[in-house]
Amino acid sequence: MDRRRASSSTSTSTSTCIGPWEYEVFLSFRGQDTRQNFTDHLYAALYQKGIRTFRMDHTKGEMILPTTLRAIEMSRCFLVILSKNYAHSKWCLDELKEIMESRRQMGKIVFPVFYHVNPSDVRNQGESYGEALANHERKIPLEYTQKLRAALREVGNLSGWHIQNGFESDFIEDITRVILMKFSKKLLQVDKNLIGMDYHLEDMEENFPQIIDPLSNNVRMVGIYGFGGIGKTTMAKVLYNRIGAQFMITSFIANVREDSKSRGLLYLQKQLLHDILPKRKNFIRNVDEGIHMIKDRLCFKKVLLVLDDVDDLNQLEALAGDHNWFGPGSRIIVTTRDKHLLEVHEIDALYEAKKLDHKEAVELFCWNAFKQNHPKKTMKHFQTRWEPNQEIQRVLKRSYDVLDYTQQQIFLDVACFFNGEDKDFVTRILDACNFYAESGIGVLGDKCFITILDNKIWMHDLLQQMGRDIVRQECPKDPGKWSRLCYPEVVNRVLTRKMGTEAIEGILLNLSRLMRIHISTEAFAMMKNLRLLKIYWDLESAFMREDNKVKLSKDFEFPSYELRYLHWHGYPLESLPLGFYAEDLVELDMCYSSLKRLWEGDLLLEKLNTIKVSFSQHLIEIPDMTVTAPNLEKLILDGCSSLLEVHPSIGKLNKLILLNLKNCKKLICFPSIIDMKALEILNFSGCSGLKKFPNIQGNMENLLELYLASTAIEELPSSIGHLTGLVLLDLKWCKNLKSLSTSICKLKSLENLSLSGCSKLESFPEVMENMDNLKELLLDGTPIEVLPSSIERLKGLVLLNLRKCKNLVSLSNGMCNLTSLETLIVSGCLQLNNLPRNLGSLQRLAQLHADGTAIAQPPDSIVLLRNLQVLIYPGCKILAPTSLGSLFSFWLLHGNSSNGIGLRLPSSFSSFRSLSNLDISDCKLIEGAIPNGICSLISLKKLDLSRNNFLSIPAGISELTNLKDLRLGQCQSLTGIPELPPSVRDIDAHNCTALLPGSSSVNTLQGLQFLFYNCSKPVEDQSSDDKRTELQIFPHIYVSSTASDSSVTTSPVMMQKLLENIAFSIVFPGTGIPEWIWHQNVGSSIKIQLPTDWYSDDFLGFALCSVLEHLPERIICHLNSDVFNYGDLKDFGHDFHWTGNIVGSEHVWPGYQPCSQLRLFQFNDPNEWNHIEISFEAAHRFNSSASNVVKKCGLREAVTEQDSIEVEWTLVLVAAVMDPPMIPRSSSSANVLKNDYHHPEARIRISMEGDHFLAFCRATPLQMQRFQELGI
């Protein structure tokens, strides 16, 4: 037997070969050569071995069949029997070309069988193969025959079987053995329902395509890391199954960590060698010999090796020490809990196995609990918390046990106290506990116990539960002997029963879960080792502060010698206890407390880093900190509204970084001189009694942010120039500030200067020096008359806001040297009558807001603003229209012209392709004024054409593929809306009173908010059946009609998404609530009793309805349940936009709220609810509420029936209270109707099948047919 092994070339591809396969083997052969002998015997042998094989005998025809192409696609490998006349069949050659393309693109394996032909004749097209190709070239294009020749060359270079002599049965046996070795034993068992696995693999392939692609010639190592039980092994198994067929050798070494400890590395090496050479004896006596043999056996082979659950570098060095151990194209996948291990071994790519999201987690639970992806209907009390699986806990505990003592203590502290907290804060506290936090937190991160996101420490729920269980097991029956207390009911029991011992190191007490607790000194007496004490509530609500739940006696004391962290929100005493001696205290957080002073007498708190007493409204003084807390870095006094002064020594705290006195409204006295060298943030915002800012002594170059908003400061001292590092200076709403010192120009690092609302600031100082770093200058709402020409020295300015500077009369040409300017706002500058002549030199200008000015004519240079994206300029007062000398002067000239002539727009907009917002409202645009060239604005997202006089919109608007928001309100001559681009999400066409019925194209859109109230008018020349305004219904559509008939129709394509996920409503004239809204009441609220087990899988949401005496400007609906104690289930409402008089007629507002938008499962099982209550609230612009607007209201819970056949969603928002109703009578509907609705003036009726008469229905195909018969 001559087994030929030729070298094969490998090409790269981005595709991966992923099953499942219909066939394991595809047989390609020439029937007349081998049909009745070799091929038939081979097929029978494969069949007997259980190998699924595709065989098609090409007896007729020259075209390859679609069934053959599909079989090639769905086969794992190919056996090509290259016989003497194989190439004479074009069918066979076409088949071979497809096979070799599949090999190149998907990495599939091709085995050639050279049946009584020489491989070189196939490779070089000699003998019969050359003759056959020459014949084909006379019939088919040369380019195609070149592809056939390439396929023959490629297959001729592959390793296979050369059958020239010997017994064919021996060859067949060898072929079947190789096929069985290649596929039969390779698939690993994985669970059938792998929730979330596709996402992980897609994410891995997207981020590391060169790792997943098995056809890359490079040797790649990929590490999958995550904590125990997260799914690393399953992910590796799925990946192994999916790509394993592409490799010459595959090996999955499981349980590396356990087997390495129990059996040794030598055992693992032997296992790997057995996978490589299963029938050879691999004699190795030690690990070094194993390393040598693995390298020797694998260095020329394409290998897929998975090392599962590695925990030691020695394991990697013994099994996969380096890339050069393996042949080209090899892949080594390592799973571990230790990310650091992968980094040290220089793994090419690291992938973190992440936890499932909430939806996936519930689905996984349901598959395991109920064998389906949702809870059973019979499960009435679906719990959101379940007892932890002991096997999972055991797996997690193994990882914990290998940590050293300090790392274990850090893990337990995070599990009990610091999950979700800032990493720097946690590090500071734990360092004070002598835990070497930086190193320990790093180790926990590397071993996947924690994750750092946005500098916050996060721990998976399972790990947190395990940590708390470890604490519980310290003494299961006596929580007074636990090291950490974090369950409210346990803390309450230990404190009230005085069970505390020296074992307790930390207490976390959430007051939100308790009614009231009285704590005595004796409760803490034995807690000599207390390090951490945190008492808090979830919601910082007023009732928590006013009615404190913790009661302490005035002589209360607690042991504080070991205390590092004291966090007690709502502390009820006027000062800390007399016996408070916390020499190691790092952070003191006493927000919302009753403190009048921090402590009595002298204390020495040298390690104290942070003091927070925000919203302690009785605090009246701050002690001398230079003696008590000389190393203080943060002092936060925000909202201490009774604080009159701070101790003068505060200005000498050389290590203070943050001083926050925001909203200390009574503060009138602050040290007149400060020299705080380390200070970075100083906040006096809202200190309305502060009239003078202190002098700066020395150089406080570290100060980055200074907030003085809403203070009574009249001027800044010249020493402000010493703040050379200042980045932000906030002086907004300083209504006594009259001037700025020119020394402000010395603030070279300043990036943001806000003077908004400084109503006495009449001038901006001369800019005496370049301030290149200033990016934002906010002068809006100031009485400034002119900007100095020296403003050009602000070379880095990006935003200049002059909104409502009502005295501003001009802008200097020097402003045009601000070459970095991107946004210029002059809206509401009533005296401003021109823009700088050289405005076009602002090449970076992207936004120009100039509405509400007196500008008569723009500069010609405006055409040069190539990067302009947003141009807002409606309602400018002009003298008369002028010719458009530049492309965009139309924008600046529109408005109420004195002679009533409308604006003429240019025919081309091609120079402004970057414009995203165009507002040409209220420009008296007449028919034909909007050119079709508007389609050139390819970046346009918002277009406002409101309050114009045109009859139609050019069809070119359909080419604005980025348009999302179209405003057409009060275009009272508009008769139709053309086809719109599918990107449109919002349309406002209210009060388009000439808009003809059926003239809107919005029924093709997927929008979110379409406003069409007060739009249609009667059309006398139409038949009654055609007198219907057809509008596509989407979320938040407003429809109002003055027509005699109107209708609302919908597209079934959108219905399932609407009903399951989106709230929607419709407004129309009417006087009553439909009968299918079962629960009705007079007034603005209604409360209904819920039946037992009202909530099930079929529940969709709630149908709501109200009758309004007139249309208010806003209507809000509140939806509540009796057991939902954390706020409303859902508030939703709508604003109605119009100008002129309020719409005075009665309107009906039916709406729908899906359960997906209600927080149903967050706190309670919905079946525990007893009732649902809704209330409606209306409001107008100038008063908070509009009484007596809501005349009636109604509610119905919406449940659909389960149908045994496939169903289709539809929405029927039928205005049964329309005036008159809108559905025409259909004679074919008489037999299906149970309930009829008749309007006294109507010639038609509205009817529907009993319980299916809803604002939303789930209908069978038969019911859908009936709906169509009814005209719905």
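Overview of values
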{"quantity": "Any hit, region 561-570, residues being at pLDDT 90 or above, aliphatic (A, V, I, L, M), surrounded by fewer than 20 Cβ atoms within 10 Å (Cβ to Cβ) and part of a loop (DSSP other than H, G, I, E, B)", "calculated": "no"}
{"quantity": "Given (1) part of a loop (DSSP other than H, G, I, E, B); (2) at pLDDT below 80; (3) more than 24 Å from N867 (Cα to Cα), index of the condition S908 fails", "calculated": "(3)"}
{"quantity": "Scope region 457-478; condition farther than 18 Å from S399 by Cα and buried (at least 21 other Cβ atoms within 10 Å of the Cβ); matching residues", "calculated": "I457"}
{"quantity": "Qualifying residue in region 594-611 (condition: hydroxyl-bearing (S, T, Y), at pLDDT 95 or above and under 42 Å from the mean Cα position of the chain (by Cα))", "calculated": "yes"}
{"quantity": "Conditions (1) among the aliphatic types (A, V, I, L, M); (2) part of a helix (DSSP H, G or I); (3) closer than 30 Å to E680 by Cα: number failed by M815", "calculated": "(3)"}
{"quantity": "Test: residue in region 940-953 that is assigned to a loop (DSSP other than H, G, I, E, B) and acidic (D, E)", "calculated": "no"}
{"quantity": "Enumeration of residues in region 1090-1126 that are among the hydrophobic types (A, V, I, L, M, F, W, C), part of a loop (DSSP other than H, G, I, E, B), touching an Asp or Glu at 6+ places or on another chain (Cβ under 8 Å) and modelled with pLDDT under 75", "calculated": "W1094, V1123"}
{"quantity": "Leading residue by the ranking (modelled with the lowest pLDDT) among those in region 510-560 that are of a type in the set (S, T, N, Q) and closer than 23 Å to V586 by Cβ", "calculated": "S560"}
{"quantity": "Filtered residues of region 392-412 (kept if among the aliphatic types (A, V, I, L, M) and in a loop (DSSP other than H, G, I, E, B))", "calculated": "V402, L403"}
{"quantity": "Test result for I253, β-branched (V, I, T), in contact (Cβ under 8 Å) with a residue 40 or more places away in the chain and either surrounded by fewer than 18 Cβ atoms within 10 Å (Cβ to Cβ) or not assigned by the TED database to the domain that holds S102 (or both)", "calculated": "yes"}
{"quantity": "Region 434-456: number of residues that are farther than 20 Å from K397 by Cβ and either out of contact with any strand residue (DSSP E or B) (no Cβ under 8 Å at 6 or more places or on another chain) or of a type in the set (F, W, Y) (or both)", "calculated": "9"}
{"quantity": "Any hit, region 272-291, residues being at pLDDT 90 or above and at positive phi", "calculated": "no"}
{"quantity": "Considering residues of region 413-455 that are surrounded by 17 or more Cβ atoms within 10 Å (Cβ to Cβ) and outside any helix (DSSP H, G or I) only, the residue modelled with the lowest pLDDT", "calculated": "C448"}
{"quantity": "Matching option when the condition is assigned to a loop (DSSP other than H, G, I, E, B) and among the β-branched types (V, I, T), among I650, I620", "calculated": "I620"}
{"quantity": "Contacts under 6 angstrom Cβ, first residue in region 859-881 being closer than 15 Å to V826 by Cα, partner surrounded by fewer than 16 Cβ atoms within 10 Å (Cβ to Cβ) and modelled with pLDDT of 80 or more, 6 or more apart", "calculated": "K877/A854"}
{"quantity": "Whichever residue in region 456-496 is assigned to a loop (DSSP other than H, G, I, E, B) and either of a type in the set (F, W, Y) or out of contact with any helix residue (DSSP H, G or I) (no Cβ under 7 Å at 6 or more places or on another chain) (or both) and, among such residues, is modelled with the lowest pLDDT", "calculated": "H460"}
{"quantity": "So L658, is it modelled with pLDDT of 95 or more, surrounded by fewer than 20 Cβ atoms within 10 Å (Cβ to Cβ) and not assigned by the TED database to the domain that holds S560", "calculated": "yes"}
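Quick grid of which residues meet (1) closer than 19 Å to L777 by Cα; (2) in a loop (DSSP other than H, G, I, E, B):
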position: N702; (1), (2): no, yes
position: L706; (1), (2): yes, no
position: A712; (1), (2): no, yes
position: S719; (1), (2): no, no
position: I744; (1), (2): yes, no
position: L753; (1), (2): yes, no
position: G757; (1), (2): yes, yes
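The values are calculated or read from the model by the stated rules, or taken from the named source; none is laboratory data. What you are looking at is a predicted structure, and each value in this text was computed from that prediction instead of being measured. Because the Cβ atoms are built from the backbone with ideal geometry, glycine has one as well, and the counts that use them run over all protein chains shown.
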